[in-house]
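Notes for the one structure printed next.
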Amino acid sequence: MQKILILYYSQSGQLTEIVKNFAKPFEKSNNYSVHYANIEPVREYNFPWKGYEFFDSFPESVNRIPCEIKPLDLGNEDFDLIVFAYTVWYMSPSIPSNSFLLSDQAKRIFKDKPVITLLGIRNMWIIAQEYVKNKITENGGKLIGNIVLRDRAENLTGIATISYFLFTGKKDRLFGFFPKPGISQKDIDESDKYGDIVKNSIENNQIDSLQDDLLDNKAVTVNPYLLSVEKTAAEKFFKIWANFILKKGGPGNPNRKGRVNLFRWYFPFAILVIAPLKYVFFLIFAIFRIRKSREEVKYYLGVQSKSNF
Ligand SMILES: Cc1cc2nc3c(=O)[nH]c(=O)nc-3n(C[C@H](O)[C@H](O)[C@H](O)COP(=O)(O)O)c2cc1C
């Protein structure tokens, strides 16, 4: 009997649904036992979000500052495979998921274990995944597969619809004509196919080629333009803003209200003005970056870390 641990944190239930579908092929077999571990912060992040709370979670997300989480009941903590399912907040793993990665319990359970990451996000996940890859390695685990379910809407449309979803909790069509927010129901329903691929690779002793099999089934895609936006935002502007806000105190501290509210104005400006400008520059210089861009895409589709790249 192979023991599979699935760690996850989901606010709306979108990632929970993906996790449950992914696990179906294992649940159906007598050769596996699946243990679900729901990461729970001591102080809940309310869903749907209130405007100020959404932006107040920005500095801790970006600087990867953990919150207090409840210890997970994982029995003897010995599993054959670990699935780390997470969402992305401000191009970092969500604060509760990151808090688990930084915990002592994570150090114990990841040690010498194969790990699969399963993401349910909008469309910007690469910088977060680089960080998660490193944390899994630091905790002694080995990343063997990565699956990313994303919103397929065009970037600006997706920003409008996910904002509607996050601030109202509704997954219907904004103004009756926008696409439905988040990951399509079809993609969510079909995520059991990735469970099948993982199960087959375990049973055929082909774990080493698992990521290639997943890629053949479009488990991950990398968009070079979005990658360039992520690099500029996450590695430059986000850090500056996060440190600027953190100088006035931690989460909920009234002293930082002014700075959080300033960021609240900057954020839509960055999306509506800076990101489209970036797109123009991206197109102009794309021809000079073709080779580098291809190498980057290949790297980010994979599961290896920069150190052995
Ligand atoms: C505060 C916050 C920031 C987010 N930032 C990103 C992001 O940078 N990239 C992205 O692809 N999705 C982002 N999302 C969307 C989430 O990754 C996720 O898809 C959505 O919150 C639904 O997840 P759930 O299963 O927890 O409800 C963000 C969501 C929240 C709440």
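The values are calculated or read from the model by the stated rules, or taken from the named source; none is laboratory data. Bear in mind that the values here come from a model prediction, so they are computed numbers and not experimental data. Because the Cβ atoms are built from the backbone with ideal geometry, glycine has one as well, and the counts that use them run over all protein chains shown. Areas reflect the complete protein model, heavy atoms only, side chains present, ligands, DNA and RNA absent. Shrake-Rupley method; radii C 1.70, N 1.55, O 1.52, S 1.80 Å.
Brief remarks on what is shown
- Single condition Ile116 does not satisfy, out of (1) away from the ligand (no atom under 13 Å from the Cβ); (2) surrounded by fewer than 17 Cβ atoms within 10 Å (Cβ to Cβ): (2)
- In the set (1) assigned to a loop (DSSP other than H, G, I, E, B); (2) surrounded by fewer than 17 Cβ atoms within 10 Å (Cβ to Cβ); (3) away from the ligand (no atom under 14 Å from the Cβ), the condition left unmet by Ser33 is number (1).
- The helices (runs of 4 or more DSSP H) found entirely in region 142-233 that carry 1 or more residues being open to solvent by 40 Å² or more (accessible area, probe 1.4 Å) and not assigned by TED's automatic domain parsing to the domain that holds Lys20 are 224-232.
- Only one of Glu17, Glu27 that is within 13 Å of the ligand (Cβ to nearest atom) and either surrounded by 13 or more Cβ atoms within 10 Å (Cβ to Cβ) or not in a strand (DSSP E or B) (or both): Glu17
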